[in-house]
Amino acid sequence: MTATRVPGLPLIENGWLISTNPASGEEAVALVAMAAPRLVVEIGTFTGYSALAMAGGLPEGGRIVTCELSSERADFARSWFDRSPLGERIDLRVGPALDTVAAVQGPYDFVFIDADKEGYTGYYEAVVPKLSPRGLIVVDNTLRDGDVADPMDDGDRAMAAFNAHVHDDPRTENVTLTVRDGVTLIRRAGTAP
């Protein structure tokens, strides 16, 4: 089985789950295509599936900087980037995401966060000041199968705290979609449509 918009990338390769759902690739392409970003920052590359999907929605000259802490996962993702004609749009950085965010100048037009849940608030705080006036932050897994309502583990508690932090932040506006495991869309407060 292959996912659309990411030709040749299987859902499972060598025991690595590439994506839980082919629709997630379509979602990423649609959001990026609507935003037409020049610069996308992805926090959490994992297998590279979402970076390749988002690259398919970039306008001419658009690029993605994707952050991955694990060199093993980065090598796996890079192997797919190297095989794809979309790979030239992707700059994979290995190391702590906060270091990469500090090094990559803004403005960021689109940010996708899907990494360690305990780090979400720190990632959010690092990218908000670099967000372009019409920029969009997309955060995955914000509902945790509904467990944020009654947190069962550290990841659930971290996500509940993140959601409260974003909700209480006067700098931004947000909406959480009940797509898959919860996707929150965030933009600067007062941004004209």
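Between Asp82 and Asp150, the FRET efficiency from the beta-carbon distance, with R0 = 30 Å, is close to 0.10. Note that region 81-89 has calculated 3J(HN,Hα) couplings of 4, 5, 8, 9, x, 7, x, 5, 8 Hz, one per residue in order, obtained from phi through the Karplus relation 6.51 cos²θ - 1.76 cosθ + 1.60 (θ = phi - 60°); glycine and proline are x. Counting protein heavy atoms only, the chain has 54 percent of its accessible area on carbon and sulfur, 1.4 angstrom probe. Computed per residue of the chain from DSSP H runs no shorter than four, each worth -39500 (n - 2.57), the mean residue ellipticity at 222 nm is -10000 deg cm²/dmol. Can you tell me how region 48-140 classifies by the Cα gyration tensor, rounded, prolate or oblate, using a/c under 1.5 as the rounded cut? Here region 48-140 falls in the oblate category. In the chain, the DSSP beta bridges split such that about 40 percent are antiparallel, to the nearest 5.
Prolate is the label for region 119-175, because the ratio a/c of its alpha-carbon gyration tensor axes (a ≥ b ≥ c) is 1.5 or higher and a/b is greater than b/c.
Per residue, the accessible area of the chain comes to 47 Å² when a 1.4 Å probe rolls over the protein heavy atoms.
The values are calculated or read from the model by the stated rules, or taken from the named source; none is laboratory data. Just so it is clear, the model here is predicted, and its values are computed rather than measured. In this analysis, Cβ positions are derived from the backbone assuming ideal geometry, glycine residues included, and neighbour counts consider all displayed protein chains. For the accessible areas, the whole protein counts, side chains as well, though only heavy atoms, and no ligand, DNA or RNA atoms are used. Shrake-Rupley method; radii C 1.70, N 1.55, O 1.52, S 1.80 Å.
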